[in-house]
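Inspection log for the structure reproduced underneath, given as structure tokens.
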Amino acid sequence: MLAQLLEAQQTPDKPLKAHKGMATTKATRQRIHSFEALGLAVISPSKTDGRSKHLMPTDKFIELAKQHMAILERLHQEMP
């Protein structure tokens, strides 16, 4: 999901199945639904293909991702 957030400008309408990665389809589906239940993602119909859906990060997810990236950047700067 973070990869989608970072690549949103390049591929704004990526289908759900594109988020599978190395996980099984069932595991991916469960993870997506858990993100949706936590308010971190929204599943919406594709704007280009009515047969598919795509995953969109919510503002809550974006804010959490920014906070995590800031922590990682601070830790990286503190490294000798």
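The values are calculated or read from the model by the stated rules, or taken from the named source; none is laboratory data. This structure is a prediction, so every number in the text was calculated from the model and none was measured. Because the Cβ atoms are built from the backbone with ideal geometry, glycine has one as well, and the counts that use them run over all protein chains shown.
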| message | So, in the stretch 1-53, how many residues would count as being under 22 Å from Met69 (Cα atoms), modelled with pLDDT under 60 and not in a helix (DSSP H, G or I)? | response | 6
| field | Tally, over the stretch 43-52, of residues that are surrounded by 14 or more Cβ atoms within 10 Å (Cβ to Cβ) and not polar (S, T, N, Q) | value | 0
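If you take the residues in the stretch 57-80 that are free of Cβ contacts under 8 Å to residues at least 40 places away in the same chain and surrounded by 14 or more Cβ atoms within 10 Å (Cβ to Cβ), which one is nearest to Arg29 (Cα to Cα)? Talk me through it step by step, then tell me what you get.
Within the stretch 57-80, the subset free of Cβ contacts under 8 Å to residues at least 40 places away in the same chain is 58-60, 63-64, 66-80.
Those still in the list that are surrounded by 14 or more Cβ atoms within 10 Å (Cβ to Cβ) too: 58, 64.
Values: Thr58: 17, Leu64: 21 Å.
If we take residues in the stretch 57-80 being free of Cβ contacts under 8 Å to residues at least 40 places away in the same chain and surrounded by 14 or more Cβ atoms within 10 Å (Cβ to Cβ), then Thr58 is nearest to Arg29 (Cα to Cα).
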